[in-house]
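Worksheet for the structure shown next.
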Amino acid sequence: MDLYQQLIIEHSKRPHGEGLRAPFGSEAHHVNPTCGDEITLRVRLDGDVLGDVSYDAVGCSISRASASVLHDLVVGLSVEQVAPLREAVQHMLTSRGEDPGDEEVLGDAVAFAGVARYPARVKCALLSWSALTDALLRA
Ligand code: ZN
């Protein structure tokens, strides 16, 4: 678990792909009022592929680290590949610790498995994924 916590801290300190970039196809702004986290997330599609996901995230280290990991995982994937990935993340996070996550599928996102044991923080980790889903629906 320590390694996972370190990974979350690393991502929150040096977020990958942070900043809002243009051009972009669609944008979503999501808020997690229970913690005060906010994210504005933009998606640029190149055909069916996520060419870029840029974002401005404000809030706790879990929400910001989650956006950073999301960026690493989804840029370069097709739209169809994102849905099962998001579902796997959501399943792990809402399992209350029963689903440890498959590193082969989730990559660095398995670092958030421990968050599932803290229901108050689950929304922090899911915020960027919800914003991504919303942005893709608007695209
Ligand atoms: Zn939070």
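What do you get for the angle between helix 61-74 and the principal long axis of the chain? Use alpha-carbon atoms, 0 to 90 degrees, nearest ten.
50 degrees
Using θ = phi - 60° and the Karplus form 6.51 cos²θ - 1.76 cosθ + 1.60, what ³J(HN,Hα) does each residue of region 114-130 get, whole Hz, x for Gly and Pro?
With coefficients 6.51, -1.76 and 1.60, one gets x, 5, 4, 7, 10, x, 5, 9, 4, 5, 4, 6, 8, 4, 5, 5, 5 Hz.
Tell me the relative contact order for region 46-139 as a rounded percent, counting alpha carbon contacts under 8 Å between residues six or more apart. Intermediate results must be reported in sequence, preceding the final value.
Details: 101 pairs, mean separation 27.6, N = 94.
Worked out over region 46-139, it gives 29 percent.
Can you give me the accessible area per residue for region 50-139, using a 1.4 Å probe, in Å²? Could you put the intermediate results ahead of the total?
Values: 3910 Å² over 90 residues.
Here the per-residue accessible area is 43 Å².
Between 70, 93, 50, where does the largest GNM mean-square fluctuation fall for the chain, given springs only between Cα atoms within less than 10 Å?
Judging by the Gaussian network model, the answer is 50.
Return the single residue from 49, 69, 89 with maximal mean-square fluctuation; model: Gaussian network over the chain, springs between Cα atoms under 10 Å.
The residue that fluctuates most here is 49.
Not counting ligands, DNA or RNA, and with a 1.4 Å probe, what is residue 9's accessible surface area in Å² rounded to the nearest 10?
80 Å²
Kindly write out, for region 37-45 in residue order, the coupling ³J(HN,Hα) from the Karplus curve 6.51 cos²θ - 1.76 cosθ + 1.60 (θ = phi - 60°), rounded to whole Hz, with x marking Gly and Pro.
Per residue, the Karplus-derived 3J(HN,Hα) values read 7, 9, 9, 10, 10, 10, 10, 10, 9 Hz.
Could you run the Karplus curve 6.51 cos²θ - 1.76 cosθ + 1.60 with θ = phi - 60° over region 10-15 and give me ³J(HN,Hα) per residue in whole Hz, x for Gly and Pro?
Result, rounded to whole Hz: 4, 5, 6, 7, 10, x.
How about region 85-139: which trypsin sites (Lys or Arg not before Pro) there are in a DSSP loop, with at most 16 other Cβ atoms within 10 Å of their Cβ? Intermediate results must be reported in sequence, preceding the final value.
On the way: sites: 86, 96, 117, 121, 123, 138; in loops: 96.
Sparse-neighbourhood loop trypsin sites (Lys or Arg not before Pro): 96.
Put +1 on the Cβ of each Lys and Arg and -1 on the Cβ of each Asp and Glu in region 21-89; which of 57, 28, 81 then has its Cα farthest toward the positive end of the dipole?
57
Return the carbon/sulfur percentage of the accessible area of the chain, one whole number, probe 1.4 Å, all protein chains in place.
52 percent
The values are calculated or read from the model by the stated rules, or taken from the named source; none is laboratory data. Just so it is clear, the structure is predicted and the values come from calculations on it, not from any experiment. With ideal geometry, Cβ positions are generated from the backbone for all residues, glycine too; neighbour counts draw on all protein chains shown. Side chains included, ligands, DNA and RNA excluded: accessible areas come from the protein's heavy atoms. Shrake-Rupley method; radii C 1.70, N 1.55, O 1.52, S 1.80 Å.
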